[in-house]
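Written below as structure tokens is the structure these notes are about.
Just so it is clear, none of the values below were taken in a lab; they were calculated from the coordinates. These figures come from a predicted structure and were not determined experimentally. For neighbour counting, all protein chains shown are included, and Cβ atoms are generated from backbone atoms with ideal geometry for every residue, glycine included.
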Amino acid sequence: MQRIAAAIKGRIAPLWAFVQGDGQSDRVVPPSGFTAQLTLFTSGAMAFLAVFALALSMATSRVATRWSDELARSATLRISAPDEQMAAQTDLALEVLETTPGVASARRIPEAEQRELLAPWLGVDLPLDNLPVPVLIEVVEEDGLDVAGLKARLAGEVPGAVYDDHSRWRAPLIKAAARLRLLGVFALGLIAASMAAMITLAAGSALAANARVIATLRLVGAQDVYIARAFVRRFTQRALIGACIGTLLAMLGLALLPSAQAGGFLTGISFGGAGWLLPLLVPLLAAVTAFAATRAAALRTLRRLT
């Protein structure tokens, strides 16, 4: 136990020393000014965009998944036949569906509902009476449905019926959901890279502006790692504070957006349940990004100032 405690203490001590800082070395870094404001603004703006990109990616992925699930549980039977045979084939198709195991329900879609479905493409004044519009039957499937057997039975008993299980519509939605998740990850990576680039510029500018102070510290024996640690600590703190503010504003904005119950394609762009904990990782990732970018920039600039 003592060895474990000593090992943990050995791990925590450098981290605590970094967080606590050193008053002497911290004076090398300007407490305010352009670089401080740039770091705060950049980290805040990037965190704000990261949270919204994450929420939008998850929301669109949820929509695609929900549509795919709904299509997986439903099918459409389309009947095209001469007018004198339409009623008989419709009744026969409904009888076949009602007696098929695995079919939860089957209903003929009324003409008024067909008008609503076709209105976005053909207009609201569509004269269905003068058009050869097929009869549509909505089928809700259950587990255990033999689709191949049902299609064979329909082909033999209802020659004008075409059974569409929506598989050609589901495949693009499943692919879209996967690509949207990948796009969200790519957007987060791009935002992190942009923030790292801006913080690198700010850190390099601050180091160059304090070249004389750095030269004086070197004369009294200060090592480059000691000087770089001060810049890394200060810029990491600024990035963390800015990212916390940006994340908080983004979460507040998402909470004020219309909920999914409001209806519409772009509603429900938010997190649900434990998903609200996910944006809290953004400030941590911003701090890690700032730490790595500032450390690399500080050591590179100090070598150049030698």
Take each of the peptides 273-281, 193-201, 91-99, 290-298, average the number of other beta-carbon atoms within 10 Å over its residues, and list them starting from the highest. 290-298, 193-201, 91-99, 273-281
Residue farthest toward the positive end of the dipole of the stretch 149-239, with Cβ of Lys/Arg at +1 and Asp/Glu at -1: which of 216, 156, 232? 216
